[in-house]
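What follows is one structure encoded as structure tokens, with my remarks underneath.
The values are calculated or read from the model by the stated rules, or taken from the named source; none is laboratory data. Nothing here was measured: the structure is a model prediction, and the numbers come from that model. Backbone-built Cβ (ideal geometry, glycine too); neighbour counts: all protein chains shown. In case anyone asks, the SASA skips ligands and DNA or RNA and just uses the protein heavy atoms, side chains included. Shrake-Rupley method; radii C 1.70, N 1.55, O 1.52, S 1.80 Å.
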Amino acid sequence: MPGTVTVRIPTALRPQAGDQGSVAVAGASVKEALGSLTSQYPELGRRLFQSNGTDLNRFINVYVNDEDIRFLNNLDTPLNPGDELSIIPAIAGG
Amino acid sequence: MNHDLARYHRQMLLPGFGEHGQRQLLQSKVFVLGCGALGTVIANMLARAGVGHLVIADRDFIEVTNLQRQVLFDEDDVRDAIPKAEAARRKIARINSQVRVTALVDDVNHTNIEKFAADCNVIVDGVDNFETRFLANDVAVKLGIPYVYGGAVGTVGMTYAILPHTPRGDSPWERAGVATPCLRCIFEQAPPPGMNPTCETAGVLGPVVSIIANYQVNETLKILTGNWQAVSPTMLSVDTWHNTVRQLKVLRAYDVGQCTCCKQRKFEYLAGLLASATATLCGRNAVQLTQRASTCTHLDFDRLAERLRSHGKVTTNKFMLRADIQDNGQAYELTLFADGRAIVKGTKEPNTAKSIYAKYVGA
């Protein structure tokens with residue numbers, strides 16, 4: 001049984017995540033954690049992932065404990081219980 | 001003390017500043033790109049700090065709904081219909097007459113940005129769309145000019161100082177060993193139109209804008225005074241309402257990534273390859289906008305409709321969304337197609353149409 005990690009949901013995507021700022025999910029890798037998250041919230045999955053359903057959209061970054069997963073092991077980055085996953089979209093306003 | 005430096009006394013007392021730092025500021029030229037919520041705070045603080053020459057560019061006019069957060073403007077500016085860049089110039093002349101301000105009431109795009117930015121020491125970002133940001137990033141990398149990104153909407157904001165890698169590797173910040181990845185190393189693609197909330201649709205909290213803009217100024221002052229080691233190597237991400245502050249680590253993005261812009265030195269936005277296009281529609285008092293950089297195959301009409309309803313009537317069908325929008329006392333009809341193409345009715349001015357699109361659809 002994989003450990004529990006916290007996924008931080010950005011304000012813009014909270015309506016697709018039951019209006020929650022963070023969601024606790026089980027997962028031993030980023031892929032498992034996001035899979036668990038998006039199976040609960042399929043609409044969120046459609047915003048995070050490209051239409052092939054496997055690659056993240058390129059305007060959305062995911063950080064594990066403030067490190068970008070693209071420079072760790074991408075979706076295969078392993079997670080430890082208590083890790084924090086942050087979904088960070090580019091902010092356009094100003 | 002030299003008389004014209006007396007007003008900067010409290011700043012010159014700071015470590016890393018002194019009279020030398022102050023003189024560096026007075027001899028500097030900064031490009032403030034966009035003069036809205038971020039831009040007014042940036043221009044205000046840079047002028048007070050004594051940056052010698054500010055080039056302030058904005059295509060827009062001041063609206064009453066701007067006054068909640070755009071600190072250089074007042075009710076007289078709204079009544080007199082003064083363009084933002086010009087109103088900023090006039091206000092700064094009263095704040096610090098030692099500062100020269102060039103006001104550009106213009107749409108900054110791939111045909112003119114290089115000319116505006118060419119001899120600036122820093123480009124500071126106060127724009128409201130990603131296309132212009134990636135354009136600024138292109139020009140910063142191409143010309144080897146530091147670029148300070150900032151963005152804010154709702155209660156969240158983000159900022160990050162880019163000290164670009166150059167082909168010869170001999171810029172002062174590279175010699176100090178503190179070059180940073182460019183914006184496209186971090187965000188490979190602009191969010192598609194309608195993806196993100198805008199200040200017009202989601203609202204914006206005055207303090208979050210001020211915090212981000214002041215942080216941008218903070219980094220700009222370090223850059224202009226050559227305090228390279230002090231420049232933050234992380235991307236700051238805050239939500240001031242929900243009390244989160246994060247310093248995201250981004251340095252590896254250059255080492256590991258294959259950035260189109262700063263590694264391959266392909267300047268797609270500057271070349272106009274990814275620029276949106278406008279066309280005034282003959283005899284219709286309308287402008288069409290085409291999004292070439294769009295990555296989206298189908299806009300989410302329901303979500304956009306929900307956001308736009310507070311501004312007027314919205315109707316949607318499978319093919320398009322149509323919204324009545326009141327902006328600065330003018331009535332517009334925005335028709336949006338699934339691929340991001342739009343027709344803005346109520347103006348013949350491409351800049352006005354682009355502004356309406358950026359504000360209400362977002363790109």
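Out of B:Gly157, B:Gly194, I need the residue that is in a strand (DSSP E or B) and either open to solvent by 20 Å² or more (accessible area, probe 1.4 Å) or within 14 Å of chain A (Cβ to nearest Cβ) (or both). Which one? Break it down into steps so the answer makes sense when it comes.
Numbers: B:Gly194 fails: in a strand (DSSP E or B).
Selected residue: B:Gly157, the only one of B:Gly157, B:Gly194 that is in a strand (DSSP E or B) and either open to solvent by 20 Å² or more (accessible area, probe 1.4 Å) or within 14 Å of chain A (Cβ to nearest Cβ) (or both).
With respect to the stated conditions, A:Leu34 is farther than 21 Å from B:His298 by Cβ, of a type outside the set (Lys, Arg) and surrounded by 14 or more Cβ atoms within 10 Å (Cβ to Cβ). A count restricted to segment B:51-67 and to residues that are surrounded by fewer than 22 Cβ atoms within 10 Å (Cβ to Cβ) and at pLDDT 95 or above stands at 4. Restricting the search to segment A:15-30, which residues are in a helix (DSSP H, G or I) and at the interface with another protein chain (Cβ under 10 Å from one of its Cβ atoms)? Answer for segment A:15-30, where residues must be in a helix (DSSP H, G or I) and at the interface with another protein chain (Cβ under 10 Å from one of its Cβ atoms): A:Pro15, A:Gln16. Residue-level check: of (1) in contact (Cβ under 8 Å) with a residue 40 or more places away in the chain; (2) open to solvent by less than 50 Å² (accessible area, probe 1.4 Å), B:Pro233 misses just (2).
One line per residue, one yes/no per condition, for (1) open to solvent by 60 Å² or more (accessible area, probe 1.4 Å); (2) among the aromatic types (Phe, Trp, Tyr); (3) under 19 Å from B:Glu131 (Cα atoms); (4) more than 8 Å from chain A (Cβ to nearest Cβ):
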{"position": "B:Cys185", "(1), (2), (3), (4)": "no, no, yes, yes"}
{"position": "B:Gly203", "(1), (2), (3), (4)": "no, no, no, yes"}
{"position": "B:Gly206", "(1), (2), (3), (4)": "no, no, no, yes"}
{"position": "B:Thr240", "(1), (2), (3), (4)": "no, no, no, yes"}
{"position": "B:Gln247", "(1), (2), (3), (4)": "yes, no, no, no"}
{"position": "B:Ala253", "(1), (2), (3), (4)": "no, no, no, no"}
{"position": "B:Val256", "(1), (2), (3), (4)": "yes, no, no, no"}
{"position": "B:Thr260", "(1), (2), (3), (4)": "no, no, yes, yes"}
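Just checking: which of the strands (runs of 3 or more DSSP E) contained wholly in segment B:260-363 hold 2 or more residues that are hydrophobic (A, V, I, L, M, F, W, C)? Write out each step before concluding.
Numbers: elements: B:277-281, B:286-290, B:314-316, B:320-327, B:330-337, B:342-345.
Counting at least 2 such residues, we get B:277-281, B:286-290, B:320-327, B:330-337, B:342-345.
Scanning segment B:1-48 for residues being within 23 Å of B:Ala140 (Cα to Cα) and of a type in the set (A, V, I, L, M, F, W, C) gives a total of 15. Which ones in segment A:73-94 are within 12 Å of chain B (Cβ to nearest Cβ), open to solvent by 20 Å² or more (accessible area, probe 1.4 Å) and outside any strand (DSSP E or B)? Result: A:Asn73, A:Asn74. Screening the candidates A:Arg58, A:Arg46, A:Arg70 for the property of being open to solvent by less than 70 Å² (accessible area, probe 1.4 Å), of a type in the set (Lys, Arg) and under 28 Å from B:His298 (Cβ atoms) yields one hit, A:Arg70. Looking at segment A:8-17, can you tell me whether even one residue there is under 24 Å from B:Asn196 (Cβ atoms), touching a Phe, Trp or Tyr at 6+ places or on another chain (Cβ under 8 Å) and open to solvent by 40 Å² or more (accessible area, probe 1.4 Å)? No, segment A:8-17 has no match at all.
Residues checked against (1) open to solvent by 20 Å² or more (accessible area, probe 1.4 Å); (2) modelled with pLDDT of 95 or more; (3) not β-branched (Val, Ile, Thr):
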| residue | (1), (2), (3) |
| --- | --- |
| B:Val78 | yes, no, no |
| B:Ala88 | no, yes, yes |
| B:Val99 | no, yes, no |
| B:Val122 | no, yes, no |
| B:Asp128 | yes, no, yes |
| B:Ala136 | no, yes, yes |
| B:Lys142 | yes, yes, yes |
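If you filter segment B:129-154 down to residues that are within 19 Å of B:Arg265 (Cβ to Cβ) and over 15 Å from the mean Cα position of the chain (by Cα), you find that the one that is nearest to the other protein chains (Cβ to nearest Cβ) is B:Val141.
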